[in-house]
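These notes are about the structure you will find just below.
The values are calculated or read from the model by the stated rules, or taken from the named source; none is laboratory data. Keep in mind that what you see is a predicted model, and the values were worked out from it rather than measured. Using ideal geometry, Cβ is built from the backbone for each residue, glycine included, and neighbour counts are taken over all protein chains shown. Each accessible area value is taken on the protein alone, full model and side chains, heavy atoms only, with ligands, DNA and RNA left out. Shrake-Rupley method; radii C 1.70, N 1.55, O 1.52, S 1.80 Å.
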Amino acid sequence: MLKLYNTELSSRVLLGTAQYPSPAILMDAIKASGTEIVTVSLRREMAGGKSGDKFWSLIRSLGTHVLPNTAGCHTVKEAVLTAQMARDVFATDWIKLEVIGNHDTLQPDVFALVEAARILSDDGFKVFPYTTDDLIVAGRLLEAGCEVLMPWCAPIGSALGPLNMHALRSLRGNFPDVPMIIDAGLGRPSHAATVMELGFDAILLNTAVAKAGDPVAMAGAFAKAVDAGHEAFHAGMLEPRDVAVPSTPVIGRAVFT
Amino acid sequence: MKLLVNGEPHDVSAQSLDALLAELEFEGEWLATALNGELVRSPERQNCRLDEGDRVEILTPRQGG
């Protein structure tokens, strides 16, 4: 059972709600993924508009947990204010904290991230920080009050999959008891299985599902891969070796010459 | 009174944030508001006075990753 800030969850998939072809496909993809946590954002409302209400009614009808994000924020002040506004609207103290440091790579500004994480944790938020795979930053985030980490495995939306296996192994090995969710960069189910086989606790997906040819089928495929990787991690995998080892017993084989 | 609402200039007669939402027909139930970079919670809007040149942000739930 996955436990995030004292909330127990059966599913190890978190799903973003952006970029789907239609609201109906979004809803079906959420169901197919089996997720119990969906991410949402806050954006400017148009005068007289009610688009926010329509979207929020759909999401609330699912009965899942909601993880608001601070996507698009580039400073501590922006991220903290967005988190406060999210708590006011969504009535949750969970926040996916993003403080972007580079427009092209969407790489987190880890210095601002740690500062914002400390401010928000002190203010009672349960912070889910979108961070890099840097071990030292991870330690600083934990010191700042985070009890969950969300390292990337590649840039957001890149679909490159895990780029630095050494860094990911190092993170997992150094903080074996901290729930860690791979957020960003996953492109296909095999990527998800790979990071789950490393012992990560969950994954957060959006683009890989939303932009797939069939988002609903892809959501289901990712869910299976995540379960497979998680079970494999606990089942004890063979270490690779350079020489062949016969699987069929050698003793008792017939000799025909 | 001239204000900046979601980055757009508006000339309004509203004196409070609550009245501003009504005047500009922000009818959604699920709104988050900020005045000059500070959160204004829903129950505080009625007593939140506006001044010339104030910057108001009105946000609502949207899709996100």
Place a point 7 Å from the Cα of A:M165 in the direction of its beta carbon; the residues of the stretch A:204-229 whose amide N falls under 17 Å from it are A:229
Rounded to the nearest Å, the spacing of the alpha-carbon centers of the stretch A:180-205 and the stretch A:43-120 is 22
Residues whose modelled amide H sits under 5 Å from the amide H of A:G16, counting only those 5 or more places away in sequence or on another chain, are A:T39, A:L205, A:N206
Longest chain A segment clear of trypsin sites (Lys or Arg not before Pro) sitting in DSSP loops (not H, G, I, E or B) with at most 11 other Cβ atoms within 10 Å runs A:1-240
Phi-derived 3J(HN,Hα) across the stretch A:128-145 with the Karplus relation (6.51, -1.76, 1.60, θ = phi - 60°), rounded Hz, x for Gly and Pro, is 10, x, 7, 10, 8, 8, 6, 5, 5, 4, 4, x, 5, 5, 5, 4, 6, x
Taking the reciprocal of mean 1/r across every pair of different Cα atoms in chain A, the Kirkwood radius in Å is 19.3
Ordered by number, the residues of the stretch A:34-74 that have at least 50 Å² less accessible area in the complete protein assembly than on their own chain alone (1.4 Å probe) are A:R43, A:R44, A:E45, A:D53, A:F55
Diffing the stretch A:83-100: the Karplus 3J(HN,Hα) column from phi (6.51, -1.76, 1.60, θ = phi - 60°), in whole Hz with x for Gly and Pro, holds 5, 5, 5, 5, 5, 5, 7, 8, 6, 9, 9, 6, 8, 7, 8, 10, 10, 7
Between A:R44 and A:A235, the FRET efficiency computed from the C-beta separation at R0 = 45 Å comes out, to the nearest 0.05, as 0.40
Rounded to 0.05, the calculated FRET efficiency for the beta carbons of A:S190 and B:D51 at R₀ = 51 Å is 0.35
Averaged over all viewing directions, the convex hull of the alpha carbons in chain B casts a projected area in nm² of 4.6
Summing -39500 (n - 2.57) over every DSSP H run of at least 4 in chain A, dividing by its residue total and rounding to the nearest 500, the 222 nm mean residue ellipticity is -12500 deg cm²/dmol
If amide H atoms are modeled at 1.01 Å from N in the peptide plane, then the residues at a separation of 5 or more from A:M150, or on another chain, having amide H under 5 Å from its own are A:T131, A:I181
Carbon/sulfur accessible area of chain B, % of total, 1.4 Å probe, equals 42
Relative contact order in percent for the stretch A:1-129 (Cα pairs under 8 Å, 6+ apart) equals 18
HN-Hα couplings for the stretch A:102-118 via Karplus (6.51, -1.76, 1.60; θ = phi - 60°), in whole Hz with x for Gly/Pro, come out as 8, 5, 7, 8, 6, 6, x, 7, 5, 5, 5, 4, 4, 5, 5, 4, 5
Restricted to pairs 8 or more residues apart or on different chains, the lysines in the protein assembly as shown with C-alpha atoms under 21 Å apart form a number of pairs equal to 11
Charge dipole of the stretch B:2-59 built from unit charges on the beta carbon (Lys, Arg +1; Asp, Glu -1), centred at mean Cα; most positive-end Cα among B:F26, B:G53, B:N6 is B:G53
Amide H proximity to A:N69 below 5 Å, modelled H, separation 5+ or other chain, gives A:V40, A:S41, A:L42, A:K96
iface A-B | buried accessible area, total | probe 1.4 Å | Å², round 100 | 2700
The longest stretch of chain A containing none of the chymotrypsin sites (Phe, Trp or Tyr not before Pro) that sit in a DSSP loop with at most 15 other Cβ atoms within 10 Å is A:6-255
Candidate cut points under trypsin sites (Lys or Arg not before Pro) in the stretch B:6-65, DSSP loop plus at most 16 other Cβ atoms within 10 Å of their own Cβ, are B:R41
